[in-house]
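Colleague: This structure is in structure tokens; I'll ask about it shortly.
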Amino acid sequence: MGVVRTGEIKALTGLRIVAALWVVLFHFRPLIWEASPRLKEDLAPLLNAGAQGVDLFFILSGFVLTWNYLDRMGTHFSGRATLHFLWLRLSRVWPVYLVTMHLAAAWIIFTLHVGATPSADVEKLTAISYVRQLFMVQLWFEPFFDGTSWDGPAWSISAEWLAYLLFGGIILVIFRMARVTRARMLIFLAFVAALPPTLLLLASGHFYTPWSWLPRIVAQFVAGALACAAVRRLQIGRRGQHISGIAAVLLTAAMVGILYYYDANPVAGMIDPGGLVDVLFMPLVVTLAIGVGTLPALLSTRLLVYGGQISFSLYMVHEIVHTSWNWAVQEYQIDLPKSVQKIVVVGLIVAAVAGAIGLYHGVEEPARRWMRRMVDFRDVKHDKHTGPPGAEGGRLASIDHARDTRPPQSSARAG
């Protein structure tokens, strides 16, 4: 085995806010295009693929959970350890999930009693739907995720919850694979594991097909777990770390290039070409995890790390802000000049970020500490974390410090 590593990987924390903003801008596209047609010409290929940010989250979840739990849960199955893990996952995602779920419900009810434009989601507010939303299983009964959740983005949390329930078995397999498999082979297996959504896209031309959410979460989550097992086995010197940092930049450029290429050269029958970039997410996460300088350094800055910490709250609250404005425009027939529309779009994004900050400090962190104390019986105020979905809030030392203090090696090797 290579050097056992633990701790927060700050570049991956920073990557979370990038993924979250990608999703936010994807949902805000109609407003952005209306306010600035020029931006549509320039950014449409990039923002039209913003839904793929969810797949990036799935890979990050598998990676980070494996990073933190491979040694703790991989050696043998323990019902107590599994229940402890699931409770910690609940403490991370459930409080914000519950608040935004009820905010979305309150908003739907508000539109029913105010104005003449009730939300189309009123019919979804049923007792059965409430129970399914409450226990985060609403997606499990539907072939498509659209319309499954009162707060639209919550579908992916329902998918993540399924992955968490499977994690106790997944980690046992990953641990044993990591003991007998070289890092290079583990990276190859991670790449193969991430392929099913792309293969289905190439076969049908559609990224969103019946039950396609299931291979998305399972494949990307397992790919992230295998990638983490590979990184934990890697022994890499400073030169290799710098090369990895450069590779992360090149991978990012390749993703953008692919999106613009297929926009300029559409393939007949392929409706969702943006899904092709998913195959580069796993290599990107690996290079950011082991790389230094360039993009890893940028994502590790204090501002982006903080952004990563509030990214879950932003992901969960932004669509409420978006749909509220859309309702107001329809209800009051708001017609603004382009110059004012630009200000409104920026204001809505700022409002979503402000709401995320409020949720993070007022709900997410206090509730997480409260729920953790129920099982840990200790103060967890200063826990480090990478931000949900898919991150553990344990008391961890930073890997970045370990990188700085480890003696440099002349070359990287996998084994």
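The values are calculated or read from the model by the stated rules, or taken from the named source; none is laboratory data. Not measured: the values here are computed from a predicted model. Neighbour counts are summed over all protein chains in view; Cβ atoms, including those assigned to glycine, are modelled from backbone coordinates with ideal geometry.
Colleague: Which one is nearest to TRP150 (Cα to Cα), of the residues in region 324-379 that are out of contact with any helix residue (DSSP H, G or I) (no Cβ under 7 Å at 6 or more places or on another chain) and of a type in the set (Ser, Thr, Tyr)?
Modeller: TYR332
Colleague: Still on this model: Taking the conditions exactly as written (of a type in the set (A, V, I, L, M), surrounded by fewer than 21 Cβ atoms within 10 Å (Cβ to Cβ) and assigned to a helix (DSSP H, G or I)), does LEU200 satisfy them or not?
Modeller: yes
Colleague: Among the residues in region 174-185, are any touching a residue at least 40 places away in the same chain (Cβ under 8 Å) and in contact with a Phe, Trp or Tyr (Cβ under 7 Å, 6 or more places away or on another chain)?
Modeller: Checked region 174-185: no residue is touching a residue at least 40 places away in the same chain (Cβ under 8 Å) and in contact with a Phe, Trp or Tyr (Cβ under 7 Å, 6 or more places away or on another chain).
Colleague: Exactly one of these conditions fails for THR100: (1) surrounded by fewer than 18 Cβ atoms within 10 Å (Cβ to Cβ); (2) in contact with a helix residue (DSSP H, G or I) (Cβ under 6 Å, 6 or more places away or on another chain); (3) in a helix (DSSP H, G or I). Give me its number.
Modeller: Going through the list (1) surrounded by fewer than 18 Cβ atoms within 10 Å (Cβ to Cβ); (2) in contact with a helix residue (DSSP H, G or I) (Cβ under 6 Å, 6 or more places away or on another chain); (3) in a helix (DSSP H, G or I), THR100 breaks only (1).
Colleague: Can you list residue pairs whose Cβ atoms sit under 7 Å apart, with the first residue in region 146-166 being farther than 21 Å from ILE320 by Cα and touching a residue at least 60 places away in the same chain (Cβ under 8 Å) and the second being among the hydroxyl-bearing types (Ser, Thr, Tyr) and in a helix (DSSP H, G or I)? Count only pairs 6 or more apart in sequence or on different chains.
Modeller: From region 146-166, the pairs are ALA163/SER61.
Colleague: A follow-up question, please. Would you be able to tell me the number of residues in region 33-48 that are touching a residue at least 60 places away in the same chain (Cβ under 8 Å), more than 23 Å from the chain's Cα centre (by Cα) and part of a helix (DSSP H, G or I)?
Modeller: Adding up the residues that qualify gives 2.
Colleague: Taking the condition closer than 24 Å to ILE174 by Cβ, over 24 Å from the mean Cα position of the chain (by Cα), in contact (Cβ under 8 Å) with a residue 40 or more places away in the chain and crowded, with 17+ Cβ neighbours inside 10 Å, does ILE236 pass?
Modeller: So ILE236 passes the test.
Colleague: As an exercise: evaluate VAL122 against (1) modelled with pLDDT of 95 or more; (2) touching a Leu at 6+ places or on another chain (Cβ under 6 Å) and give the number of the one condition it does not meet.
Modeller: Going through the list (1) modelled with pLDDT of 95 or more; (2) touching a Leu at 6+ places or on another chain (Cβ under 6 Å), VAL122 breaks only (1).
Colleague: From (1) buried (at least 20 other Cβ atoms within 10 Å of the Cβ); (2) among the small types (Gly, Ala, Ser); (3) free of Cβ contacts under 8 Å to residues at least 60 places away in the same chain, pick out the condition that doesn't hold for ALA120.
Modeller: Every listed condition holds for ALA120 apart from (1).
Colleague: Could you look through region 239-283, keep only residues that are of a type in the set (D, E, K, R) and touching a Ser or Thr at 6+ places or on another chain (Cβ under 9 Å), and pick out the one that is farthest from THR294 (Cα to Cα)?
Modeller: Among those residues, the one meeting the criterion is ASP278.
Colleague: OK, next. If the Cβ limit is 8 Å and pairs must be 6+ apart or interchain, which residue in region 347-376 that is over 30 Å from ASN326 (Cα atoms) and without any contact (Cβ under 8 Å) to a residue 12 or more places away in the chain pairs with which residue that is not β-branched (Val, Ile, Thr) and not in a helix (DSSP H, G or I)?
Modeller: Every condition considered, the pairs that remain are ARG373/ASP379.
Colleague: Out of LEU303, LEU259, which single residue is closer than 20 Å to LEU21 by Cα and in contact with a Pro (Cβ under 6 Å, 6 or more places away or on another chain)?
Modeller: One residue alone meets the criteria, LEU259.
Colleague: Could you name every one of the helices (runs of 4 or more DSSP H) located completely within region 242-348 that has at least 3 residues being surrounded by fewer than 17 Cβ atoms within 10 Å (Cβ to Cβ) and among the hydrophobic types (A, V, I, L, M, F, W, C)?
Modeller: 302-332
Colleague: Please indicate, with yes or no, whether at least one residue in region 1-9 is of a type outside the set (D, E, K, R), over 27 Å from ARG302 (Cβ atoms) and in contact with a strand residue (DSSP E or B) (Cβ under 7 Å, 6 or more places away or on another chain).
Modeller: Taking every residue of region 1-9 in turn, at least one turns out to be of a type outside the set (D, E, K, R), over 27 Å from ARG302 (Cβ atoms) and in contact with a strand residue (DSSP E or B) (Cβ under 7 Å, 6 or more places away or on another chain).
Colleague: Here are some residues: TRP155, TRP140, TRP150. Which one is outside any helix (DSSP H, G or I), hydrophobic (A, V, I, L, M, F, W, C) and either crowded, with 16+ Cβ neighbours inside 10 Å or within 25 Å of the chain's Cα centre (by Cα) (or both)?
Modeller: After ruling out the rest, the residue left standing is TRP150.
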